[in-house]
Amino acid sequence: SSSSAASDVYKRQVWRTRLDEVVDLVVVNPTMMVHSMHLHGHSFWVVAVGEGEAPAAHELPGPGRFIKKDTAPVPAMGWVLLRVRFDNPGPWPFHCHNEMHYLR
């Protein structure tokens, strides 16, 4: 049924983390426009931003001084590395803030 298919898609888009777990997320943008990604309920550190293919895990920066935000632009045909401490329990949306997505 279609509701079962929708439920399956939703389950694949849920990240389960432990309280206070720190996770590095590489968000890749394969489109020709910038996408501003926003995380509810948490702040994250913007660790690195680049164009083209995202680097391998061993090439990404380690600890350092990074900007803390809750929204970050992902460049066209690029990527951003976000470091999140999941310290606020509950389900929190992570989505693009481009208005064009809301007009469809």
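Given axes a ≥ b ≥ c from the Cα gyration tensor, I'd like to know whether segment 26-104 is rounded (a/c under 1.5), prolate (a/b larger than b/c) or oblate.
Oblate.
Could you tell me the relative contact order of segment 24-95? Use alpha-carbon pairs under 8 Å, at least six residues apart, and round to a whole percent.
About 52 percent, as a whole number.
Among 52-58, 91-97, 77-83, how do they line up by average Cβ neighbours within 10 Å per residue, starting with the highest?
The packing order, highest mean first, is 77-83, 91-97, 52-58.
Quick one: what are the phi-derived ³J(HN,Hα) couplings along segment 37-42, Karplus 6.51/-1.76/1.60 with θ = phi - 60°, whole Hz, x for glycine and proline?
So the J values, rounded to whole Hz, are 8, 10, 10, 7, x, 8.
For ASP20, what is the net charge nearby, where nearby means another residue's Cβ is under 10 Å from its Cβ and Lys, Arg count +1, Asp, Glu -1?
It works out to a net charge of 0.
Could you bin all the Cα-Cα distances of segment 18-64 into 10 Å bins starting at 0 and give me the percent of pairs in each, rounded to whole numbers?
17, 51, 29, 2
Summing Lys, Arg as +1 and Asp, Glu as -1, what charge do residues with Cβ under 15 Å from the Cβ of ALA76 carry, ALA76 excluded?
Combined, the nearby Lys, Arg, Asp and Glu give -2.
Sort VAL22, VAL27, VAL84 by heavy-atom solvent-accessible area, probe 1.4 angstrom, most to least. Please list the in-between numbers first.
On the way: VAL22 70, VAL27 25, VAL84 0 Å².
Ranking VAL22, VAL27, VAL84 by accessible area, largest first, yields VAL22, VAL27, VAL84.
For segment 46-58, in order, what is each residue's ³J(HN,Hα) by Karplus, 6.51 cos²θ - 1.76 cosθ + 1.60 with θ = phi - 60°, in whole Hz (x at glycine and Pro)?
8, 8, 7, 9, x, 10, x, 6, 5, x, 5, 3, 6
The values are calculated or read from the model by the stated rules, or taken from the named source; none is laboratory data. Because the structure is predicted, anything quoted here is derived from the model rather than measured. Here the Cβ is made from the backbone with ideal geometry for all residues, glycine too, and neighbour counts use every protein chain on show. For accessibility, only protein heavy atoms count, side chains too; no ligands or nucleic acids. Shrake-Rupley method; radii C 1.70, N 1.55, O 1.52, S 1.80 Å.
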